[in-house]
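Report on one structure; see the data block that follows.
Throughout, read-outs are computed from the coordinates displayed, never taken from laboratory work. Computed from a predicted model, the values in this text were never measured in an experiment. Virtual Cβ from ideal backbone geometry, glycine too; neighbours counted across all protein chains shown.
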Amino acid sequence: MAFKYVILGGGVAAGYAAREFANQGVKPGELAIISKEAVAPYERPALSKAYLFPEGISLILGTEIVKADLASKTLISAAGETYKYQTLIIATGSTVIRLTDFGVQGADAKNIFYLREIDEADELVEAIKAKKNGKAVVVGGGYIGLELSAALRINNFDVSMVTDVKLKDGRVLEADIVVVGVGGKPLTTLFKGQIEEEKGGIKTDSFFKTSVPDVYAVGDVATFPMKLYDEIRRVEHVDHARKSAEQAVKAIFASEHGKSISEYDYLPYFYSRAFDLSWQFYGDNVGETVLFGDSKPTSPTHKFGSYWIKDGKVVGAFLESGTPEENKAIAKVARVQPPVESLDQLATEGLTFAIGA
Ligand code: FDA
Ligand code: NAD
């Protein structure tokens, strides 16, 4: 099978790339998405079935690509089918790091759950229902660890969160369910030796073009220039997956029409929700920190935050329980990077500083 455009991967970036292809007027039959998942691209944060793809696009699902030959513009699936493309967008994302990767004993036991794809979410939901009011151990205190601990508590589970330090002390923790969230790693293996890599990802320019002609990389897998900090970075979050996908497709269409578009100028944006709490963070978490607001656990509002200050300027801002306007204000601060005269004054001014900036 041959297509003008192929998106390899069926995750968040693939879905948003497909949508941008439709906006740009891709013709029926020109674009294919090849994904090893059995379902169309969906919003991974919600792990819901809010499918993202527009019509007229060939969805080649349940199809894992096991070999990529960038020189001959060919992809080969596990079942031996060959797919040719003129332009390729690599959107293979990340895969979970498993306990077996650390050589942990018993890591292949039953009822150990990881969460990356929708079938894993379905299996976890089944286990939660089957072990009602049970005991859960959560390994890892990152995003998955924190968000799933809250979800398990809401389902009346008794939850213990462990770190590698505690695990090494030899204690045995009883559990009906073990959820593991110890990080992800970008899926670049198919392209090893064929493409330039940096910082664990596929190196791109500001238009997500890789070192290989007609090959783009977007989302978790791309290491790209972050203009704001004059640095090359990789970002594993949805906001960037969406925006990088849109930028790459715009760049592809612009170059086909002899036009140019602006460089990608990304402001890092992260968020999370647990119980009835919800925070947003913009910018960079480097330098000194200044805490503001009411962070007491008993606070009725839970409205507090933190600024990060580097070289006398605010470079990052975190806010818990902000309103949409307040979140907009902290985003602006992180983008504009206003100077700070006194850290004490900044702590006292708190959110007012961002709103007035
Ligand atoms: P993504 O992982 O979405 O997609 C990769 C796709 O490629 C998958 O469909 C995969 O099957 C496919 N694929 C890989 N190799 C293949 C091969 N060889 N052949 C065929 N198909 C292949 N971020 C955030 O900012 N806020 C949030 O709340 C959350 N929440 C969240 C929850 C959970 C459970 C996870 C796992 C992750 C998040 N994230 C998040 C992170 C966010 O979802 C992540 O950054 C994006 O999904 C990245 O999008 P990509 O399209 O790059 O990869
Ligand atoms: P993460 O990188 O956020 O956290 C990994 C955690 O595991 C860290 O706390 C680390 O200290 C810990 N850890 C590492 N090795 C360990 C070990 N051997 N034993 C115990 N703990 C160990 O990764 P994650 O939570 O697994 O999430 C996976 C991916 O999904 C990431 O890319 C993340 O950004 C993304 N994600 C994002 C969100 C969000 O943005 N709200 C939500 C869910 C997932």
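Things worth noting here:
- Quarter of the Cα convex hull surface for the chain, i.e. its orientation-mean projected area (nm²): 20.7 nm²
- FRET efficiency, 1/(1 + (r/R0)^6) with R0 22 Å, evaluated for ASP239 and ASP276 via beta carbons: 0.45
- Gap separating the Cα centres of the range 67-125 and the range 266-286, nearest whole Å: 27 Å
- The range 98-180: proportion of alpha-carbon pairs further apart than 18 angstrom, %: 38 percent
- With 0.36 nm allotted per residue and the present C-alpha distance subtracted, the SER58-GLU30 stretch has 9.3 nm of extension available.
- Residue pairs, from the table LYS67/LYS209; LYS135/LYS192; LYS192/LYS227, whose Cα atoms sit over 30 Å apart: LYS135/LYS192
- Relative contact order (percent, whole number), the range 5-161, Cα cutoff 8 Å, 6+ residue spacing: 19 percent
- Sequence-separation-based contact order of the chain, relative, with Cα cut under 8 Å and 6+ spacing, percent: 13 percent
- Computed over the chain with a Gaussian network model linking Cα atoms closer than 10 Å, the most mobile of VAL26, VAL340, VAL138 is VAL340.
- Equivalent ellipsoid semi-axes, the range 263-357, via Cα gyration tensor eigenvalues times 5, rooted, Å: 20, 17, 11
- One chain, two ends: GLU231 and LEU346. Fully extended at 0.36 nm per residue, the span grows by 38.6 nm beyond their Cα-Cα distance.
- Point-charge dipole on Cβ atoms (K/R +1, D/E -1) for the range 269-356, about Cα centre, debye to 20: 240 debye
- With K and R counted +1 and D and E -1, the other residues having a Cβ less than 10 Å from that of ASP176 yield a net charge of +1.
- Placing a label point 7 Å from the Cα of ASP294 along the Cα-to-Cβ line, the residues of the range 305-340 whose backbone N sits under 20 Å from it are 305-307, 318-327.
- Cα→Cβ-extended label distance, 7 Å offset, between LYS4 and SER160, nm: 5.9 nm
- FRET efficiency estimate (nearest 0.05) - Cβ-Cβ, ASP122 to ARG98, R0 22 angstrom: 0.70
- Contact order relative to length of the range 269-356, as percent, for alpha carbon pairs under 8 angstrom and 6 or more apart: 28 percent
- Potential lengthening of the chain between LYS192 and GLU325 amounts to 43.4 nm, from the contour at 0.36 nm per residue minus the alpha-carbon distance.
- Selection from PHE292, VAL159, ILE112 lying farthest towards where the dipole of the chain points positive, charges on Cβ: ILE112
- Each helix, a run of at least 4 DSSP H residues, gives -39500 (n - 2.57); summed and divided by the residues of the chain, these come to -7000 deg cm²/dmol at 222 nm.
- In this Cβ point-charge picture (+1 for Lys and Arg, -1 for Asp and Glu), the chain has a dipole of about 400 debye about its Cα centre.
- Reachable aspartates and glutamates from LYS199, criterion Cα separation under 14 angstrom, eight or more residues apart if same chain: ASP220, GLU231, GLU236
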